[in-house]
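**Student:** Questions regarding the structure given below will be posed in turn.
The values are calculated or read from the model by the stated rules, or taken from the named source; none is laboratory data. Small disclaimer: the values here were computed from a predicted structure and weren't measured. Cβ sites come from the backbone with ideal geometry, for glycine too, and all protein chains shown count toward neighbours. With ligands, DNA and RNA removed, areas are computed over all heavy atoms of the protein, side chains included. Shrake-Rupley method; radii C 1.70, N 1.55, O 1.52, S 1.80 Å.
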Amino acid sequence: VLVESLLVFVVVLAVHGVVWDRFSWCALALALQAFYVQFKWDRLLQLGGAVFQFRGAANSGLLPSSMVIPLLGIMMKERCRAAGIVYFERFGIVVASTGMLLALFLSVLAVGITKPVPTNTCILTGIAGSIIIYTMKHSLAVSEVIEVLEVLLIFVYLSMILLYLLPRCFTPGEALLVLGGVSFVLNQLIKRSLNVIEGRGDPVDFFLLVAVVGVVLLGLFFTVLFTFMDSGTWISSMFFHMMTAVLGLGVIMPWLYRLIQRNPLFWLLQFLFQTQTRLYLLLYWSFLAASACGVVFYQNAKRSSGSKKHQASTITRKYFHFIVVATYVPGLIYDRQLLYVAAVLCLAVFIFLEYIRYFRIKPFGQTLRHLLSLFLDERDSGPLILTHIYLLLGMSLPVWLFPRPCAPKGTLSGAGALVPYSGVLAVGVGDTIASVFGSTMGEIKWPGTKKTFEGTMTAIFAQIIAVALILIFDSSVNLNSSYAWILASVSLVSLLEAYTTQIDNLLLPLYLQIMLMA
C-alpha cells in the first residue's frame, strides 16, 4: 500500500510540475488526506465494519482512485485552455471539481463510521475539504456548482442502491471510479436532454451517453422486477426479452432521437457502412469476435474432457488481451470514430449478456454461466463477472475521453499523441507481457507482492517497442522528442501494475492517459 501510494504521489507531483494552478493545491490536499483515510477504510474492511460488503483480497484503493477524475479534469482544462476552447475548459474544471467532491465524500464516510473517531484524520480531511470548497467558490459559476452537487446526489443514491444489490463486486476505490463515472454520465445526459439545440453536439457522444445510461437503467429495472418473481422460468425469460424490446424501442430510441434529431437506427447503419474502410474493419472485427468465442468453446471442451476442477491459466486469459490489441490498433490507425461507436455497442452487448447470465434468462443464461465460470479469477468474488467488461473499458476509455474538440487535426502534440493508445499500451501490451513473462520466467519478486521484477521490466520494454511500432504505422503520431517523458510514464504505470490490488484493467490506462496528456 505504501509503495502504491508513493507511485500515485509521484504521478500527482509530476503532473503538477508541468501544470501548476489553484487546483494543484486542491489535488495535493486531496491526495494527502486520501492517503490517511485509506488506512481507515482498510481497517473497516478487515473488521467487517464497512457499511456495505466490498471485494475481498484487496485494499480500499482510495488514494489511487481518488486522484483519477480530478487529474483527468485538470489535464482536460489545460489542453482546452491552450487550444482556446472556453466551453471545454470550463467542462474540465467541472470534471475536476466533481472528482474532488466525490472523493472527499467517500473520505468523510470512512471517517464518520470509524470508531473511535480518528481526530487527526478528521482535522486533515476538514482542512482538505476547506481548501477544495474555497477553490470551487472562486472558480465555479452558480450553474456549475449546481451541476457538481447534482452529480454528488446521483452518486450517493446510486451507491446505496448498487452496493447493496451487488455485494463484493467493488472495492471502495473501484466504486468511486465506476459509480462516479456513471453518475457524471447520467447528469450530462439529463442536462443535454433538457437543453437540446438542433445541430449542436456530436451524435457519437450522445450515443455513448444514452447507451451507458440505458443499460444501467435496464439492469436496475430487472433487479427490482426479479425480486418479486423467479427469473429462471420461461415466462420470466419471455417477459425479460419483451420488456427489453419495449424499453429499447419505447424509451432509449426516442431519447436518442431527441438528442441527434434523426432516426437512430438509420443513423447507425449509415455511420457503420459509410466507407469501404469501415466495411473491411467490421469484417475483420467479426472474425476476431468469432476467434474469441472459439477460444471460450475450446477451453470449455478441454474442461469437459479433463478434470472437473480445470481452470483457465493466466496465459489462457491473456489470449483475450492479444485479441483486443488486434482489434483496437487497426481502429486507432484507420478510423477512430468507428472504433468509438463499435466500443460503445460492444459495451452494451457485454453488459446485456451479463444480465442474461446473472438472472439465468433462458435459453442462454445457464450456458453462459457454465462457459464463463472457467475464466473466473479472485477478483470475480461477487455475483457479477466484471473482468471482461473492465478490459473493454480500459481499452475504450482513452478513446472516449480523448479531448477531440481541443485537439488540432484530431491529435495532440508530443506524448499527448499517444493518449488514445493508453489502453493498448498499459493493458493490451504492458499488463499482458508482465503476466505472461512474470508467471513463466519470473524469479525475483517485488517486496510484498506476487509480481516479479522480470515481468515489470519486460512490460516496460514491450511498451517501448509498441510505441516505436505506433510511430512507424500511424502517421498522425508525432512525439516531438518527448521520449524521456514517455519512458517515465510507462515505467511508473508498470510499477503501479506490480503493486496495486485494484482492477488494473481499469486503473492503469487512466493513469497512463493522465501522464501522456501532461
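**Student:** Which one of these is part of a helix (DSSP H, G or I) and surrounded by fewer than 19 Cβ atoms within 10 Å (Cβ to Cβ): Ala498, Ala488? Lay out the reasoning, then the answer.
**Tutor:** Working: Ala498 fails: surrounded by fewer than 19 Cβ atoms within 10 Å (Cβ to Cβ).
Checking each option against the conditions leaves just Ala488.
**Student:** Still on this structure, I have one more. In region 403-459, how many residues are open to solvent by 20 Å² or more (accessible area, probe 1.4 Å) and of a type outside the set (Phe, Trp, Tyr)? Reasoning before the result, please.
**Tutor:** Within region 403-459, the first condition is being open to solvent by 20 Å² or more (accessible area, probe 1.4 Å), and the residues that meet it are 404-405, 408-411, 413, 429, 433, 435-437, 439-451, 453-454, 457-458.
So of that shortlist, the ones also of a type outside the set (Phe, Trp, Tyr) come out as 404-405, 408-411, 413, 429, 433, 435-436, 439-445, 447-451, 454, 457-458.
Selection size over region 403-459: 26.
**Student:** I've got another one for you. Given the criterion out of contact with any His (no Cβ under 7 Å at 6 or more places or on another chain), in contact (Cβ under 8 Å) with a residue 40 or more places away in the chain and over 30 Å from Leu208 (Cα atoms), identify the matching residue among Gly438, Gly448, Gly414.
**Tutor:** Numbers: Gly438 fails: in contact (Cβ under 8 Å) with a residue 40 or more places away in the chain; Gly414 fails: over 30 Å from Leu208 (Cα atoms).
Result: Gly448 is the single residue among Gly438, Gly448, Gly414 that is out of contact with any His (no Cβ under 7 Å at 6 or more places or on another chain), in contact (Cβ under 8 Å) with a residue 40 or more places away in the chain and over 30 Å from Leu208 (Cα atoms).
**Student:** How about region 507-518: which of its residues are part of a helix (DSSP H, G or I) and either open to solvent by 20 Å² or more (accessible area, probe 1.4 Å) or in contact with an Asp or Glu (Cβ under 7 Å, 6 or more places away or on another chain) (or both)?
**Tutor:** From region 507-518, those part of a helix (DSSP H, G or I) are 507-517; that's our starting set.
Answer for region 507-518, where residues must be part of a helix (DSSP H, G or I) and either open to solvent by 20 Å² or more (accessible area, probe 1.4 Å) or in contact with an Asp or Glu (Cβ under 7 Å, 6 or more places away or on another chain) (or both): just Leu508.
**Student:** Sticking with this one: Looking at Pro403, Pro330, Pro398 in this structure, which one is out of contact with any Lys or Arg (no Cβ under 7 Å at 6 or more places or on another chain) and more than 20 Å from Asp431 (Cβ to Cβ)? Before you say what the answer is, go through the steps one by one.
**Tutor:** Working: Pro403 fails: out of contact with any Lys or Arg (no Cβ under 7 Å at 6 or more places or on another chain); Pro398 fails: more than 20 Å from Asp431 (Cβ to Cβ).
Exactly one residue qualifies, and that residue is Pro330.
**Student:** Check whether at least one residue in region 276-288 is over 26 Å from Leu372 (Cβ atoms) and charged (D, E, K, R), and report yes or no.
**Tutor:** To start, the set of residues in region 276-288 that are over 26 Å from Leu372 (Cβ atoms) comprises 276-281, 283.
Cutting the leftovers down to charged (D, E, K, R) gives us 278.
Within region 276-288, one or more residues are over 26 Å from Leu372 (Cβ atoms) and charged (D, E, K, R).
**Student:** Considering region 251-275 alone, what residues qualify as being touching a Phe, Trp or Tyr at 6+ places or on another chain (Cβ under 7 Å) and not in a helix (DSSP H, G or I)? Can you show your working first?
**Tutor:** Initial filter on region 251-275 (touching a Phe, Trp or Tyr at 6+ places or on another chain (Cβ under 7 Å)): 256, 259-260, 263-264.
Asn263, the sole residue that qualifies.
**Student:** Only residues in region 455-476 that are of a type in the set (A, V, I, L, M, F, W, C) count as the first member; pair them with residues that are at pLDDT 90 or above and surrounded by fewer than 19 Cβ atoms within 10 Å (Cβ to Cβ), Cβ under 7 angstrom, at least 6 apart or cross-chain, and list the lot.
**Tutor:** Taking only residues 6 or more apart or on different chains, the pairs are Ile460/Ser491; Ile464/Leu487; Phe473/Ile333.
**Student:** Turning to a different aspect of this structure: Can you tell me which residue in region 470-485 is most open to solvent (accessible area, probe 1.4 Å), limited to those that are in a helix (DSSP H, G or I) and under 12 Å from Tyr421 (Cα atoms)?
**Tutor:** From region 470-485, those in a helix (DSSP H, G or I) are 470-473, 483-485; that's our starting set.
So of that shortlist, the ones also under 12 Å from Tyr421 (Cα atoms) come out as 470-471.
Working: Ile470: 19, Leu471: 61 Å².
Result: Leu471.
**Student:** Next up: Hey, Ser373 hits all of (1) small (Gly, Ala, Ser); (2) modelled with pLDDT under 85; (3) surrounded by 19 or more Cβ atoms within 10 Å (Cβ to Cβ) but one; which does it fall short on?
**Tutor:** Among (1) small (Gly, Ala, Ser); (2) modelled with pLDDT under 85; (3) surrounded by 19 or more Cβ atoms within 10 Å (Cβ to Cβ), the lone unmet condition for Ser373 is (3).
Results for (1) among the hydrophobic types (A, V, I, L, M, F, W, C); (2) buried (at least 20 other Cβ atoms within 10 Å of the Cβ); (3) outside any helix (DSSP H, G or I); (4) modelled with pLDDT of 90 or more, shown as yes or no for each residue.
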| position | (1), (2), (3), (4) |
| --- | --- |
| Gln53 | no, no, yes, no |
| Ser60 | no, yes, yes, no |
| Glu78 | no, yes, no, no |
| Ala103 | yes, yes, no, yes |
| Leu109 | yes, no, no, no |
| Asn120 | no, no, no, no |
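**Student:** Can I ask one more? In region 3-51, what residues are within 26 Å of Asp377 (Cβ to Cβ), assigned to a helix (DSSP H, G or I) and aliphatic (A, V, I, L, M)?
**Tutor:** Across region 3-51, the qualifying residues are Val3, Leu7, Val8, Leu44, Leu45, Leu47.
**Student:** Can you go through Gly232, Gly248 and tell me which one is open to solvent by less than 30 Å² (accessible area, probe 1.4 Å), assigned to a helix (DSSP H, G or I) and of a type outside the set (D, E, K, R)? Let's see the steps before the verdict.
**Tutor:** Values: Gly232 fails: assigned to a helix (DSSP H, G or I).
One residue alone meets the criteria, Gly248.
**Student:** What residue, among those in region 163-180 that are open to solvent by 30 Å² or more (accessible area, probe 1.4 Å) and assigned to a helix (DSSP H, G or I), is farthest from Leu102 (Cα to Cα)?
**Tutor:** Leu165
**Student:** Now for a different question. Cβ-Cβ under 6 Å, sequence separation 6+ or interchain: first residue in region 161-183 and within 15 Å of Gln502 (Cα to Cα) and small (Gly, Ala, Ser), partner crowded, with 23+ Cβ neighbours inside 10 Å and at pLDDT 90 or above. Which pairs?
**Tutor:** Gly173/Ser65
**Student:** Here's something else I'd like to know. Just the residues that are among the charged types (D, E, K, R) and open to solvent by less than 80 Å² (accessible area, probe 1.4 Å), please, taken from region 129-149. It would help to see each step written out before you state the result.
**Tutor:** Quick first cut of region 129-149, residues among the charged types (D, E, K, R) only: 137, 144, 147.
Residues satisfying the conditions are Glu144, Glu147.
Conditions (1) more than 26 Å from Ala82 (Cα to Cα); (2) over 19 Å from the mean Cα position of the chain (by Cα); (3) modelled with pLDDT of 90 or more, marked per residue:
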| residue | (1), (2), (3) |
| --- | --- |
| Ile460 | yes, yes, yes |
| Ile464 | yes, yes, yes |
| Asp474 | no, yes, no |
| Ser491 | yes, yes, yes |
| Asp504 | yes, no, no |
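**Student:** Can you name the number of the only condition in (1) in contact (Cβ under 8 Å) with a residue 24 or more places away in the chain; (2) open to solvent by less than 60 Å² (accessible area, probe 1.4 Å) that Gly126 fails?
**Tutor:** Failed condition: (1).
**Student:** Give me the residue from region 277-296 that is aromatic (Phe, Trp, Tyr) and touching a residue at least 24 places away in the same chain (Cβ under 8 Å) and, out of that set, most open to solvent (accessible area, probe 1.4 Å). Explain how you work it out, then say what you get.
**Tutor:** Taking region 277-296 first, the residues aromatic (Phe, Trp, Tyr) are 280, 284-285, 287.
Keeping just the survivors that are touching a residue at least 24 places away in the same chain (Cβ under 8 Å) gives 284-285.
Numbers: Tyr284: 83, Trp285: 29 Å².
Checked region 277-296; the qualifying residue most open to solvent (accessible area, probe 1.4 Å) is Tyr284.
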